[in-house]
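What follows is a short report on a single structure.
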Amino acid sequence: GQMDILSPVLQENLRLNISHQLSPSVRIKTRIEYLQIRVMAEPEKETGFLLAQDVQWKPIGSRWSLSGRYCLFETDSYDSRTYIYENDLPGSYSIPALYNKGTRTYLNLSCDITRHLEVMMRWSQTWYTHRQVISEGSLTEIRGNTKTEAKFMLRLKW
(Lines give C-alpha, C1' and ligand atoms only; values in the text may rest on other atoms or scores of the structure.)
Protein backbone atom coordinates (compact mmCIF):
# COMPACT_ATOMS: atom_id res chain seq x y z
CA GLY A 1 0.00 0.00 0.00
CA GLN A 2 0.91 3.66 -0.19
CA MET A 3 1.83 5.71 2.88
CA ASP A 4 1.34 9.48 3.06
CA ILE A 5 4.10 11.27 4.96
CA LEU A 6 3.73 14.76 6.40
CA SER A 7 6.51 17.10 5.32
CA PRO A 8 7.37 20.55 6.75
CA VAL A 9 6.53 23.53 4.53
CA LEU A 10 8.30 26.89 4.52
CA GLN A 11 6.24 29.84 3.23
CA GLU A 12 7.48 33.41 2.90
CA ASN A 13 5.17 36.31 2.02
CA LEU A 14 6.05 39.83 0.99
CA ARG A 15 3.07 42.20 0.95
CA LEU A 16 2.78 45.91 0.18
CA ASN A 17 -0.44 47.81 0.90
CA ILE A 18 -0.87 51.41 -0.22
CA SER A 19 -3.98 53.43 0.62
CA HIS A 20 -4.74 56.99 -0.49
CA GLN A 21 -7.74 59.30 -0.06
CA LEU A 22 -7.92 61.01 -3.48
CA SER A 23 -10.81 63.24 -2.45
CA PRO A 24 -13.44 63.31 0.30
CA SER A 25 -15.48 60.92 -1.90
CA VAL A 26 -12.83 58.64 -3.43
CA ARG A 27 -10.36 56.28 -1.78
CA ILE A 28 -7.99 53.92 -3.57
CA LYS A 29 -6.00 50.99 -2.23
CA THR A 30 -3.31 48.96 -3.97
CA ARG A 31 -1.97 45.62 -2.80
CA ILE A 32 1.04 43.79 -4.19
CA GLU A 33 1.89 40.37 -2.81
CA TYR A 34 4.61 37.87 -3.63
CA LEU A 35 4.88 34.50 -1.93
CA GLN A 36 7.31 31.64 -2.10
CA ILE A 37 6.59 28.18 -0.77
CA ARG A 38 8.83 25.16 -0.42
CA VAL A 39 7.91 21.67 0.72
CA MET A 40 11.08 20.66 2.55
CA ALA A 41 11.07 17.13 1.07
CA GLU A 42 11.15 18.53 -2.50
CA PRO A 43 13.86 20.58 -4.22
CA GLU A 44 11.56 22.92 -6.18
CA LYS A 45 10.12 26.18 -4.84
CA GLU A 46 6.75 27.51 -5.96
CA THR A 47 5.80 31.16 -6.22
CA GLY A 48 2.66 33.24 -6.29
CA PHE A 49 1.96 36.86 -7.22
CA LEU A 50 -1.04 39.15 -6.78
CA LEU A 51 -1.73 42.76 -7.76
CA ALA A 52 -5.06 44.26 -6.62
CA GLN A 53 -6.47 47.74 -7.19
CA ASP A 54 -9.47 48.84 -5.10
CA VAL A 55 -11.64 51.92 -5.55
CA GLN A 56 -14.27 53.17 -3.10
CA TRP A 57 -16.65 55.98 -4.04
CA LYS A 58 -19.02 57.49 -1.47
CA PRO A 59 -20.00 61.08 -2.23
CA ILE A 60 -20.80 63.11 0.87
CA GLY A 61 -24.57 63.41 1.25
CA SER A 62 -25.25 60.95 -1.59
CA ARG A 63 -27.59 57.97 -1.35
CA TRP A 64 -25.20 55.97 -3.55
CA SER A 65 -21.91 54.22 -2.84
CA LEU A 66 -19.74 52.02 -5.01
CA SER A 67 -16.71 49.86 -4.35
CA GLY A 68 -14.78 47.56 -6.61
CA ARG A 69 -11.57 45.71 -7.30
CA TYR A 70 -9.54 44.53 -10.25
CA CYS A 71 -6.98 41.88 -9.35
CA LEU A 72 -4.33 40.02 -11.36
CA PHE A 73 -2.88 36.80 -9.96
CA GLU A 74 -0.47 34.09 -11.03
CA THR A 75 0.72 31.10 -9.01
CA ASP A 76 2.56 27.90 -9.89
CA SER A 77 -0.22 25.69 -8.44
CA TYR A 78 -2.91 25.47 -5.77
CA ASP A 79 -0.14 24.97 -3.18
CA SER A 80 1.17 28.51 -3.84
CA ARG A 81 -2.32 30.07 -3.80
CA THR A 82 -2.94 33.46 -2.26
CA TYR A 83 -5.99 34.76 -0.39
CA ILE A 84 -7.49 38.24 -0.40
CA TYR A 85 -10.41 39.61 1.62
CA GLU A 86 -13.23 41.18 -0.37
CA ASN A 87 -15.92 43.64 0.70
CA ASP A 88 -19.24 41.84 0.45
CA LEU A 89 -22.90 42.33 1.32
CA PRO A 90 -23.79 42.50 5.04
CA GLY A 91 -23.97 39.03 6.55
CA SER A 92 -21.71 37.56 3.85
CA TYR A 93 -17.98 37.29 3.45
CA SER A 94 -15.63 36.47 0.62
CA ILE A 95 -11.98 35.43 0.88
CA PRO A 96 -11.29 33.56 -2.36
CA ALA A 97 -8.25 31.34 -2.89
CA LEU A 98 -6.57 32.61 -6.06
CA TYR A 99 -4.32 30.21 -7.98
CA ASN A 100 -3.11 29.41 -11.49
CA LYS A 101 -3.33 32.53 -13.67
CA GLY A 102 -6.16 34.98 -14.17
CA THR A 103 -8.13 37.96 -12.92
CA ARG A 104 -10.62 38.51 -10.11
CA THR A 105 -13.05 41.42 -10.31
CA TYR A 106 -15.92 42.55 -8.14
CA LEU A 107 -18.27 45.50 -7.90
CA ASN A 108 -20.55 46.44 -4.98
CA LEU A 109 -23.30 49.03 -5.41
CA SER A 110 -25.49 50.39 -2.62
CA CYS A 111 -28.34 52.91 -2.57
CA ASP A 112 -30.47 54.24 0.26
CA ILE A 113 -33.89 54.33 -1.43
CA THR A 114 -35.48 55.87 1.68
CA ARG A 115 -34.42 56.31 5.32
CA HIS A 116 -35.77 52.82 5.96
CA LEU A 117 -34.97 50.97 2.75
CA GLU A 118 -31.57 50.16 1.25
CA VAL A 119 -30.80 48.13 -1.87
CA MET A 120 -27.40 46.48 -2.39
CA MET A 121 -25.95 44.54 -5.32
CA ARG A 122 -22.72 42.62 -5.80
CA TRP A 123 -21.19 41.17 -8.94
CA SER A 124 -17.95 39.18 -8.93
CA GLN A 125 -16.04 37.20 -11.51
CA THR A 126 -12.92 35.04 -11.65
CA TRP A 127 -11.42 34.46 -15.10
CA TYR A 128 -8.65 31.92 -15.66
CA THR A 129 -6.34 32.21 -18.65
CA HIS A 130 -5.17 28.57 -18.82
CA ARG A 131 -8.19 26.52 -17.65
CA GLN A 132 -11.21 25.17 -19.47
CA VAL A 133 -12.91 23.54 -16.46
CA ILE A 134 -13.31 24.97 -12.94
CA SER A 135 -13.76 22.68 -9.88
CA GLU A 136 -13.45 19.61 -12.06
CA GLY A 137 -15.15 16.50 -10.68
CA SER A 138 -17.10 18.37 -7.97
CA LEU A 139 -20.79 19.21 -7.70
CA THR A 140 -19.92 22.83 -8.58
CA GLU A 141 -17.99 21.97 -11.78
CA ILE A 142 -18.10 24.68 -14.44
CA ARG A 143 -17.31 23.92 -18.08
CA GLY A 144 -15.39 27.02 -19.10
CA ASN A 145 -12.78 29.41 -17.71
CA THR A 146 -15.07 31.96 -16.02
CA LYS A 147 -16.92 31.84 -12.70
CA THR A 148 -19.43 34.65 -12.12
CA GLU A 149 -21.61 35.39 -9.11
CA ALA A 150 -24.34 38.00 -8.57
CA LYS A 151 -26.03 38.88 -5.27
CA PHE A 152 -28.89 41.21 -4.43
CA MET A 153 -30.07 42.38 -0.99
CA LEU A 154 -32.96 44.54 0.11
CA ARG A 155 -32.56 45.79 3.70
CA LEU A 156 -35.25 47.32 5.88
CA LYS A 157 -34.01 49.65 8.63
CA TRP A 158 -36.01 51.07 11.52
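The values are calculated or read from the model by the stated rules, or taken from the named source; none is laboratory data. Please read all numbers here as calculations on a predicted model, not as lab measurements. Every residue, glycine among them, receives a Cβ derived from its backbone with ideal geometry; neighbour counts consider all protein chains shown. Areas reflect the complete protein model, heavy atoms only, side chains present, ligands, DNA and RNA absent. Shrake-Rupley method; radii C 1.70, N 1.55, O 1.52, S 1.80 Å.
Restricting 140, 146, 129 to those that are of a type in the set (Ser, Thr, Tyr), open to solvent by 70 Å² or more (accessible area, probe 1.4 Å) and closer than 30 Å to residue 13 by Cβ reduces the list to 140. Of the residues 76, 112, the single one that is open to solvent by 30 Å² or more (accessible area, probe 1.4 Å), acidic (Asp, Glu), more than 17 Å from the chain's Cα centre (by Cα) and closer than 26 Å to residue 36 by Cα is 76.
Scanning the range 54-72 for residues that are surrounded by 14 or more Cβ atoms within 10 Å (Cβ to Cβ) and polar (S, T, N, Q) yields 56, 65, 67.
Going by the conditions given, is residue 92 open to solvent by less than 90 Å² (accessible area, probe 1.4 Å), among the polar types (S, T, N, Q) and part of a loop (DSSP other than H, G, I, E, B)?
For residue 92, the condition - open to solvent by less than 90 Å² (accessible area, probe 1.4 Å), among the polar types (S, T, N, Q) and part of a loop (DSSP other than H, G, I, E, B) - is met.
Confirm whether residue 124 is closer than 20 Å to residue 66 by Cβ and modelled with pLDDT of 95 or more. Quick ask: steps written out before the conclusion?
Working: closer than 20 Å to residue 66 by Cβ: yes; modelled with pLDDT of 95 or more: yes.
Considered against the rule, which asks whether it is closer than 20 Å to residue 66 by Cβ and modelled with pLDDT of 95 or more, residue 124 comes out as yes.
Counting only strands (runs of 3 or more DSSP E) wholly contained in the range 1-75, the ones carrying 2 or more residues that are of a type in the set (S, T, N, Q) and over 22 Å from residue 107 (Cβ atoms) occupy 9-21.
Look at (1) at pLDDT below 95; (2) open to solvent by less than 50 Å² (accessible area, probe 1.4 Å); (3) of a type in the set (D, E, K, R) and you find that residue 38 fails only one, number (2).
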